[in-house]
1. Using 0.36 nm times the number of residues separating residue A:99 and residue A:20, minus their current alpha carbon distance, what extension gain do you get?
2. What share of all Cα pairs of chain A, in percent, falls into each consecutive 20 Å distance bin?
3. Per the Kirkwood treatment, what hydrodynamic radius in Å, one decimal, follows for the range B:15-104 from the mean inverse distance over all distinct Cα pairs?
4. What full-extension length gain, to one decimal in nm, is calculated for residue B:226 and residue B:8 as 0.36 nm per residue of separation minus the Cα-Cα distance?
5. Quick one: divide the alpha-carbon radius of gyration of the range B:104-147 by 2.2 N^0.38 Å and tell me what you get.
6. As a test, work out the antiparallel percent of DSSP beta bridges whose residues both lie in the range B:45-194, rounded to the nearest 5.
7. What average number of partner chain Cβ atoms lie no more than 10 Å from the Cβ of the residues making up A:219-225?
8. Using alpha carbons only, how many angstrom separate the centre of the range A:301-351 from the centre of the range B:198-218?
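Any read-out appearing in this document is the output of simple, stated calculations on the displayed coordinates, not a laboratory observation. Treat the numbers as computed from the prediction; the structure is a model and nothing was measured. So basically every Cβ, Gly included, is an ideal-geometry build from the backbone, and we count neighbours across all protein chains shown.
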C-alpha cells in the first residue's frame, strides 16, 4: 500500500531558495513560464515568470544542449543550469542555462504585450482578456496586495477574539430591502442573493460575541460608475458589549494598522512593483457629518446643497481637507442622518435626527459603513413600524433580539475599493479579479 | 479634533485574562449573557456565557448591592466583583458579585433549554431556532472547530506560496454544466450561480502558479440527503508545475496535518466540549478505485454491481476497510473512471478509461474531489468535442490554455462535510451555520 505523508519535496527551486547566500556556482533546476525572450546576438535572456517574480535565465549557444529556437514566449519549461550572481538581474541572480524540458506550449501568440511594464491597453480590453492580462506582473501584483489586505484583516480580528463565520448567500429576503436585490428561483420558491451578511452577523453576536466574515455580496444596483460593482467582497465584522460606536472605529483602526504592517512586512516586492506608498494609520481623525460638511463648505467655498446627504464631490473634498489639515488619508465621518441609514442603525439619543454611525473615507471615497445597531427588541420593533415596514420576513432576525442581545455594532469594508484607493487606481474594476457590472458577466 | 489610534483598552476582562496566576482576590469587571441562574438558597450561581466559555459568578445577598430577582436568564450584564479560585467552576475561577449593570434584557423566555448540556430538540427545531439554538455552548463549539479548519487550510497554503483569490459567484455559464445550476436574471441577461470556482482557479494558475479560495458554491441538486446541501463552503486550491496528481494529494495531506495541528493547539476547549478525538493524518493510504472496490468486495463479501461507480455504501465499506487494516480514517481513492469525471480531468495515458484523479474519503464519506487537469489546448478541445460539448461559453477558459498553461491540478474540500465527519455528526446540517436545502431557505 502506498501512503501520502505530506508535501513532496521537489528539486526545482523558487526564487526565495535561489537568493540564499552561497549558492552561486551550484547546479540548479527551476521552472516557470517564458515571460519574454531577449535575443542579444551572442547571448539571449530568457525571462521566466514565477510566482515570486521574474527570474533571468541566460542562453549561450556553446553552453546549452538545445537551440534557442526551441523556445518561445508562453512556453512553460523546466531549466537546468548554473546559478550566478548578476547585479542587473531581478533579485540579483541568474541561471546560466544548460538544458531545458518543455512542459507545455501555447498555440497562439499573445494578443497583448503581457511582458511589458505597462501594457497600454484599454480597461475594456484588459478585462476582456483577463485570463492573460493578469499575467502582466504589475496586474497580478494588485491582487497579491489584495490578498495581504484580507490576511491582515482576518489575522487581526482572530487575535482580537472574533470568530469567522460563513453565512448563506441565498436567502428569502434581503437585510435592508429595497430594489437593488437579485432575485432567483429556488426550487419554485422566490429567493434572493444577500446584499450583505448584516442580519446573520448580528444574530451571531448573540452566539459568539464577536464575528467576522470575508465573502461576496450582491447588489443589483443599476449604477454604472467607476466605484460600483454588482458583486464584491465585503470584509464584515460585528462585535458585542461595546460602550459606543467609537469601539467599532477603534477596531477598524486597529485592523487597518495590522493590514499596513503586514503589507510592509510581507508584500514589499509588490508594493515596489506598483510604486505604492502605504498610508499613515497611526491616528485617524474623526469628524461629525454636519461638521465635515461645514468645514469643506467654508474652506473650499462651496455652498451646502443638501444638509442630509453627502455627495461624492463632498467626500472628495473632505478627503482633501483632512489630507491638507491633518496629513491623513483616512477620516471617520460620524453621525449620519437617520433617514439615510437602515432601520437597525442606533439613533443618537442626543438628537435622533442623526445616528451613532459612521463612514470611513479613504482618499476621498467611502470604503466602510458601520455603526452601533439597535439591540433592544422594543426599540427595534418601534423603528420598523415608524418606517412603514413590517416584521414579515424578519422573524428569525427579530428572534435573536426577543431573546436578548448585547449592545453591539459593526461594519462592512469594500475590499476592491480599499485596494483601489490604496493603489491609486481610479476605477474599482482595476482591482477586481473578474468584475461584474451592468454590462459585464464574463469572463 | 478627535483621533482613533487603535483598539480601545477596556476594564472588562475576558476568561483568558482572569485565569492568569496571582489575580485571586482582585476586584474585576466582566460582562456576558446570563446563560443560567442556579439558586441554591443561601447563595446562587449566575453563569455568564462569554466568547471564551462559561464564567461562574457567585451571588450572596449580604455581599451584593442588588437583589437576585433583578437578574434573569438571557440578560446581558456587566458584573463587578472579586476574583476567587474555585476548583469546581469552569476554568477554576469564579467572580463573587458585588454589583451589576444590566446592559440588555430579553422580552420572552427561551423556547428551548439552550443552557443544558444537550438540548434534546429535533434537528428541525434546532435549525428553525438557529439564532438562539447556537447559543448552546456545544452547538457553537462546532463552528469554532469549523473556523479552525478554515484557518489551518489557509495558513498552510499561504506558507506554501499559494495566493488567495476571490472569484465571481454570478456567471454566464457553469464550469461543469448540467442541470444542477441555479439560474437568475442579471439585468435581463440569463445568468447562473457558480457551482464551483473550477474555471477561474484554473485560469489563475496561469497567473499566480498556485491559488486557493474559501467561498460559497451553489448546487441546485434535488437530493434531500443527510450529506447534501444546496449551498456550501468549498475549500479550493489549484497548483501548477506538478509532476503528477500525487502532488495534489500530498498537498492535501499537508493541509490536513496543519489543520489538526492548529485544532490541537488552539481549539482544545472546543474539542473537549464536544469530546472529539482528532484523527491521525501522519500517513494517508492511497488505493486505486478498482482495487478499492475489489478489496471491500472480497473482505465484506459484497458483489460488485457497477465497476464504474462507487455507491455511498461502498464508500462506507472502504472507510471501514482502511480503518480496520491500516488504522486510518482517511483514504485517497485514485483513478476514477473517465466517464464519471468532468471533461477537464486528465485521462490516464496508461488506460484512458480512468483518470489521474482522486477522492479523499474521511470515515467512509467523500470530502474531497481532485486530480490533474488537462493543460494542453489541443487535448482539451478534443475531449470537449468527444463529449459532444462545444466551446460555447468557455471562450475565456480556453483562452488561458491557448496562450499556455503549466501542468496543474487541484481539489475542492466540502467544509461542512469535513466538519461533520470530524465531529462524528451524521447530518451535514448539524455542522452548517444556516443550511440551505430543498425545503429550507430560512433562517
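1. 26.2 nm
2. Percent of pairs per bin, in order: 21, 46, 25, 7, 0.
3. 12.8
4. 74.0 nm
5. Working it through for the range B:104-147, the quotient is 1.18.
6. In the range B:45-194, DSSP labels about 90 percent of beta bridges as antiparallel.
7. Mean shielding by partner chains, rounded to a whole number: 1.
8. Spelled out, the Cα-based centre of one part sits 38 Å from the other.
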